[in-house]
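Q: Got a structure for you, written out below as structure tokens; questions coming shortly.
The values are calculated or read from the model by the stated rules, or taken from the named source; none is laboratory data. Everything numeric here is computed off the predicted structure, so don't read it as measured data. Here the Cβ positions follow ideal geometry from the backbone for every residue, glycine too, while neighbour counts run over all protein chains shown. These accessible areas exclude ligands, DNA and RNA; they are computed on the full protein's heavy atoms, side chains included. Shrake-Rupley method; radii C 1.70, N 1.55, O 1.52, S 1.80 Å.
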Amino acid sequence: SLVLEWNSLGVWEEGFALFCQGLGANSVLQRLDLRNNQINHQGAVELAMALRQNTSLQELDLRWNNIGLLGGRALLNSLHSNKTLKRLELAGNNVPSDILKAVEQAVNHNQDRWAILSEAQNRADVLTKEVLSLKNEKNRQFLDLMNTIDKQREEIAKSDRMATTRVRQLQEALDEQHSIMNSLKAKLQITEAALALSEQKVHDLGELLSAAKQEQTSMTERHFVELQQQKQEGIDREGKLLRDLSAASEKNLLLRNQVDELEKKCKVQQDQLFQAKQDFTNTTAELKLRAVQAEEHLEAEKKRFKKSLEDVESLRVKEVDHMTQHLETSERSMQDRIQRLEAIRIALEEELSQVKAAAVTERGRAEEELIKVRNQARLEEQQRLEHLEEKLRLMTESRDEAQNCCLKQKQMVTEAQAKATQASLQAEGLRRRLEELQQDLISKEEEKVTEVNKVKVELQEQIGRLQAERTAQDGLREKIAALERQMKALTNNHREALLDKEGEISMLLEKLRVKEADMARMREEEAQRASLLQNAIMAYVQGSPLGALSPRK
């Protein structure tokens, strides 16, 4: 802000012109107070030139100066190119009311333009902030989603590793069971071979051993049936475990497919966000380019028409001055020639009067000498008449020439008048052109306003789209939450199934321990029975007559 009131800056025109040049080059000053500084119309013209170049001044106070009509017009013309001045005070400057109204309209137009630009800038800033916040939120959501997916992958990998270890343990247990079963089979074969040998040995014993043999065969059949049942149960359990393992692997595959689908959806959403950002940046850049091009085109048109008007006005003034000077010189030359012709006519009339007086005086004398000098007088009169006729002929020719010159001058005057009318018509045409250009400017401003409204509508539509995408993302979040809940439920179910499997495996191990204990007990019982049979056979052999005869041998 700069206050210079009551300083008489307008008195010294050169100093004020330098001050105006500095004002035109300044790009920081926003408020200038020049009240009561004796600024005339020339100072107002310098101020108008400075305002055309200045791009920062918003308030200018010129009250109580002597700007007048010309200064007011110059300031009004400068407001057509200045788009930053929002307040101009011209009270007490002898400026007509129509110019004051036009200046007020131009200043109001600048104020409206600044308001629209500030509003558009604020909205653009708000939109950019919203877009940045949405972008940050999207990135954060994407990072959270990727973290949750990584955690789920790690949990799935851990569960897979645990399942593989447990399957490996179950496989080892089954291998151990198979080895135990094979050892049992081998032992059974050994026992069967031993029984066959014992049967071959005891075949000679007769009917007493047949009963024992039948009992032994029944016992072996029962043991064999039990072993077959145990084998079938082990095979069934193995199939069940394999089916459970295949179901768990299928569930793991389904979970992996769902994770892949979620990753694809996230990638599609990222591509859509990137495309929306690119569209938004392209639309904003195109709108800025259009606004800048429209302003540059308007300024160029204004400058060009102002220059053409100034050139036409200067040419018209020069032609009118030239024609007026030419007419004045021609009139002066004609007046001089007419005066000379009048002087010649007066001299000729005086000569005629003198000649007539001389003729009258000489007539008296000539009457006396009439006879003598009649011939001579006739000759002299004829010569004088011829001379006078030649003078009259020259006079008539000069008069005709003067009349022709007058006609030419009149024609030139008419031509000048025609040219003046043509110039006035051209001026009117230029004024009409100016009015048309002003209407075009108004229409362009309206188009600009419509374009701004369109941009606003497009921005609102983009905001709606972003809101729709936000709702869609909320839906995706809900779906992801539902999928996470499903994943948790599946993991819980998987854990429960693994716990159940572990419980079943522990039960199977306990049953295997029980069976092993039973097998050991049965072995002990079989060993006891075999020892009893052997003792009985030995006692029988010793008590039989064959046994009594044998020592004698």
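Q: If only one of Gln467, Gln462 is in contact with a Phe, Trp or Tyr (Cβ under 9 Å, 6 or more places away or on another chain) and closer than 30 Å to Glu130 by Cα, which one is it?
A: Result: Gln462 is the single residue among Gln467, Gln462 that is in contact with a Phe, Trp or Tyr (Cβ under 9 Å, 6 or more places away or on another chain) and closer than 30 Å to Glu130 by Cα.
Q: Another question about this same structure. Going by the structure shown, is Gly92 assigned to a helix (DSSP H, G or I), more than 28 Å from Lys307 (Cβ to Cβ) and either among the hydrophobic types (A, V, I, L, M, F, W, C) or over 46 Å from the mean Cα position of the chain (by Cα) (or both)?
A: no
Q: Every residue in the stretch 488-504 that is in contact (Cβ under 8 Å) with a residue 60 or more places away in the chain and among the hydrophobic types (A, V, I, L, M, F, W, C), please.
A: Leu490, Ala497, Leu498
Q: So Leu62 fits all but one of (1) open to solvent by 60 Å² or more (accessible area, probe 1.4 Å); (2) within 24 Å of Lys306 (Cβ to Cβ); what number is the exception?
A: (1)
This table checks each residue for (1) more than 26 Å from Thr281 (Cβ to Cβ); (2) open to solvent by 60 Å² or more (accessible area, probe 1.4 Å); (3) assigned to a helix (DSSP H, G or I).
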{"residue": "Arg113", "(1), (2), (3)": "no, no, yes"}
{"residue": "Val126", "(1), (2), (3)": "no, yes, yes"}
{"residue": "Asn139", "(1), (2), (3)": "no, yes, yes"}
{"residue": "Asn147", "(1), (2), (3)": "yes, yes, yes"}
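Q: Has the stretch 444-467 got at least one residue that is open to solvent by 100 Å² or more (accessible area, probe 1.4 Å), among the basic types (Lys, Arg) and in contact (Cβ under 8 Å) with a residue 12 or more places away in the chain?
A: Within the stretch 444-467, one or more residues are open to solvent by 100 Å² or more (accessible area, probe 1.4 Å), among the basic types (Lys, Arg) and in contact (Cβ under 8 Å) with a residue 12 or more places away in the chain.
Q: Sticking with this one: Only one residue in Arg431, Arg477, Arg485 is open to solvent by 60 Å² or more (accessible area, probe 1.4 Å), out of contact with any Phe, Trp or Tyr (no Cβ under 9 Å at 6 or more places or on another chain), farther than 30 Å from Asp336 by Cα and touching a residue at least 40 places away in the same chain (Cβ under 8 Å), so which one is that?
A: That would be Arg477, the only listed residue that is open to solvent by 60 Å² or more (accessible area, probe 1.4 Å), out of contact with any Phe, Trp or Tyr (no Cβ under 9 Å at 6 or more places or on another chain), farther than 30 Å from Asp336 by Cα and touching a residue at least 40 places away in the same chain (Cβ under 8 Å).
Q: Suppose the filter is part of a helix (DSSP H, G or I) and closer than 30 Å to Leu253 by Cβ; does Asn453 pass it?
A: Values: part of a helix (DSSP H, G or I): yes; closer than 30 Å to Leu253 by Cβ: no.
No; evaluated as a whole, the condition is false for this residue.
Q: To continue, here is another question. Any residue in the stretch 13-26 that is closer than 28 Å to Glu446 by Cα, free of Cβ contacts under 8 Å to residues at least 60 places away in the same chain and open to solvent by less than 70 Å² (accessible area, probe 1.4 Å)?
A: We begin by selecting, within the stretch 13-26, every residue closer than 28 Å to Glu446 by Cα; these are none.
No: the stretch 13-26 contains no residue that is closer than 28 Å to Glu446 by Cα, free of Cβ contacts under 8 Å to residues at least 60 places away in the same chain and open to solvent by less than 70 Å² (accessible area, probe 1.4 Å).
Q: Are there any pairs with C-beta distances below 8 angstrom linking a residue in the stretch 303-328 that is touching a residue at least 12 places away in the same chain (Cβ under 8 Å) and farther than 12 Å from Lys419 by Cβ to a residue that is assigned to a helix (DSSP H, G or I) and open to solvent by 60 Å² or more (accessible area, probe 1.4 Å), with the two at least 6 apart or on different chains, and if so which?
A: Short answer, once both residue conditions are applied: Phe305/Arg433; Lys306/Asn77; Val312/Gln426.
Q: Continuing with this model, one more query. Taking the condition of being acidic (Asp, Glu) and either at pLDDT 80 or above or closer than 30 Å to Thr329 by Cα (or both), how many residues in the stretch 441-450 meet it?
A: So the answer is 2.
Q: Considering only the stretch 63-89, state which residues are outside any loop (DSSP other than H, G, I, E, B) and farther than 19 Å from Arg31 by Cα.
A: Hits for the stretch 63-89 are Gly68, Leu69, Leu70, Gly71, Gly72, Arg73, Ala74, Asn77, His80.
Q: Going through Ala402, Ala359, Ala377 one at a time, which residue ends up being assigned to a helix (DSSP H, G or I), modelled with pLDDT under 75 and touching a Leu at 6+ places or on another chain (Cβ under 7 Å)?
A: Only one candidate qualifies: Ala402.
Q: Let me ask another. Of a type in the set (Asp, Glu) and more than 27 Å from Lys265 (Cβ to Cβ): is that true of Asp112 in this structure? Write out each step before concluding.
A: Values: of a type in the set (Asp, Glu): yes; more than 27 Å from Lys265 (Cβ to Cβ): yes.
Yes, satisfied.
Q: Restricting attention to the stretch 65-95, which residues are under 25 Å from Val11 (Cβ atoms), surrounded by fewer than 15 Cβ atoms within 10 Å (Cβ to Cβ) and either at pLDDT 90 or above or out of contact with any Lys or Arg (no Cβ under 6 Å at 6 or more places or on another chain) (or both)?
A: Leu69, Leu70, Asn94
Q: Within the stretch 405-428, which residues are open to solvent by 100 Å² or more (accessible area, probe 1.4 Å) and either modelled with pLDDT of 75 or more or within 14 Å of Ser330 (Cβ to Cβ) (or both)?
A: Residues satisfying the conditions are Lys408, Lys410, Gln411, Glu415, Lys419, Gln422, Leu425, Gln426.
Q: I've got another one for you. Could you tell me how many of the residues in the stretch 494-543 are open to solvent by 100 Å² or more (accessible area, probe 1.4 Å), at pLDDT 85 or above and more than 30 Å from Lys158 (Cα to Cα)?
A: Count: 5.
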